[in-house]
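One structure is given here, and the rest of the page talks about it.
The values are calculated or read from the model by the stated rules, or taken from the named source; none is laboratory data. All values reported here derive from a predicted model rather than from experimental measurement. Glycine also receives a Cβ, built like all others from the backbone with ideal geometry; neighbour counts cover every protein chain displayed. Just so you know, the surface numbers come from the protein's heavy atoms only, side chains and all, with ligands and any DNA or RNA stripped out. Shrake-Rupley method; radii C 1.70, N 1.55, O 1.52, S 1.80 Å.
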Amino acid sequence: MMKELALHVLDIAENSVRGEASHIGITITEDRRNNRFAMEIDDDGKGISPEILNTIKDPFTTTRTMRKVGLGIPFLDDTCRLCNGHLDLKSTVGLGTRLSAEMEYDHIDRPPLGDMAATLMVLMSSHPDIAFTYRHIVDDVEFSEPSEFEISSGDLEDILDGVPLTTPKVYKWVKTYLEENIRQCETGGTGA
Amino acid sequence: MAKIKSLEELKKLREQAQNNVSLRVKGDNIEKMIQIRVAMATCGIAAGAREVMTEFIEEMDRQNIENAVVTQTGCMGYCYAEPTVEITIPGQEPVVYGNVDMDKVHEIIEKTIKNGELVDGIIPVTHKTIEE
């Protein structure tokens, strides 16, 4: 089992990488107002055939027929159902795949989101040729309006001008930048 | 909403990095670098591979170690021993370490990356690197 939902995001996004995606979008929605937590991962990879899509939530059929998916999706599906939510996968061969996972925000069994900054840094530094877009939206009864943070690996590349993300000092700076902005988004822009 | 850190700051860091001669040397000598590959499949992630990879990058940053690159690989079939890390010293056969925790990361950096020595915890099978 994954201790954090951010680890599920990493795991699912790695499926997109293996599915030859050139763009991967990750959206986290913390709709506390409506007690809803949602995460969405979409890609423009090669897609999943209808036959495999039908059995993708079953760990026994999927691991036998398609090793690339294995236990990752069944684990996440299980967590969603445990938290009165559901997992939905839509895919078109040749166009891409979109996974949405929904849970009750305050369900006692919902794992914490965890370290999204670490997940994003691992994804972006391991796959410099893939464009990642991250969106984080938080709404709370105490917020006057939903807060939102968005970053794409393209924005960072434009500034870095060929300097790798793993360059000393740069890596740490970007990670801290993500951590601070995600924290600010989660607290409604008032700061920690 | 005011950003806490401005991306302008990153521009300055980039300029510093571009002026750094060792970076250019590093780019030219990629095949002479030690390759550290962390297995990042479901089994690895559940066991702590993300933290292991982060620690390799951050600890080498802290110590200014520049003779190694950190990347990832898929499941190598040693799910029982995750997190696993494959270390390839140029000109040598790759070696896989199993059950890599934070202490093992530091031991690998101190002994293998800095001095080229092997440490305990090698998965004792004939290992061939996998291409993904």
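For this structure, a couple of remarks:
- Across peptide A:13-20, the mean count of Cβ atoms from other chains lying within 10 Å of each residue's own Cβ comes to 2.
- FRET efficiency, 1/(1 + (r/R0)^6) with R0 35 Å, evaluated for residue A:133 and residue A:33 via beta carbons: 0.90
- Average accessible surface area per residue within the range B:33-125, 1.4 Å rolling probe, Å²: 39 Å²
- Counts of other chain beta carbons within 10 angstrom of each beta carbon in peptide A:176-184 average 3.
- Each Cα pair under 8 Å and six or more residues apart adds its sequence gap; the mean of these over the residue count of chain A is a relative contact order of 24 percent.
- Here the spin labels are modelled as points 7 Å beyond Cα on the Cα-Cβ line, and at residue A:108 and residue A:183 they lie 3.1 nm apart.
- Taking Cα centre as origin and charging only the Cβ of basic (Lys, Arg, +1) and acidic (Asp, Glu, -1) residues, the dipole magnitude of the range A:51-174 rounds to 820 debye.
- Prolate/oblate/rounded call for the range A:5-186, Cα gyration tensor, a/c under 1.5 rounded: oblate
- Largest GNM mean-square fluctuation across A:25, A:96, A:114, computed for chain A with C-alpha springs under 10 Å, falls on A:114.
- When each of A:169/B:11; A:172/B:32; A:169/B:5; A:46/A:90; A:172/B:104 is checked by Cα-Cα distance, pairs over 18 Å: A:172/B:32; A:172/B:104
- Placing a pseudo-label 7 Å from each Cα along the Cα-to-Cβ vector at residue B:33 and residue A:78 gives an inter-label distance of 3.7 nm.
- Zone of residue B:106's modelled label, taken as backbone nitrogen in the range B:31-71 under 18 Å from a point 7 Å along Cα→Cβ: B:51-65
- Scanning residues 5 or more positions from residue A:85 or on other chains, those with amide H under 5 Å from its amide H are A:104, with H placed 1.01 Å from N in the peptide plane.
- Measuring only protein heavy atoms, the 1.4 Å probe finds residue A:36 accessible over about 80 Å².
- When the accessible areas of B alone and A alone are added and the area of the pair subtracted, with a 1.4 Å probe, the result is around 3400 Å², both sides summed.
- Number of partner chain Cβ atoms within 10 Å, mean per residue of B:47-53: 4
- Measuring nothing but protein heavy atoms, the accessible surface of the protein assembly as shown at 1.4 Å probe radius is 50 percent carbon and sulfur.
- Highest average first, the peptides A:163-174, A:137-148, A:40-51 ordered by how many other beta carbon atoms sit within 10 Å of their residues are A:163-174, A:40-51, A:137-148.
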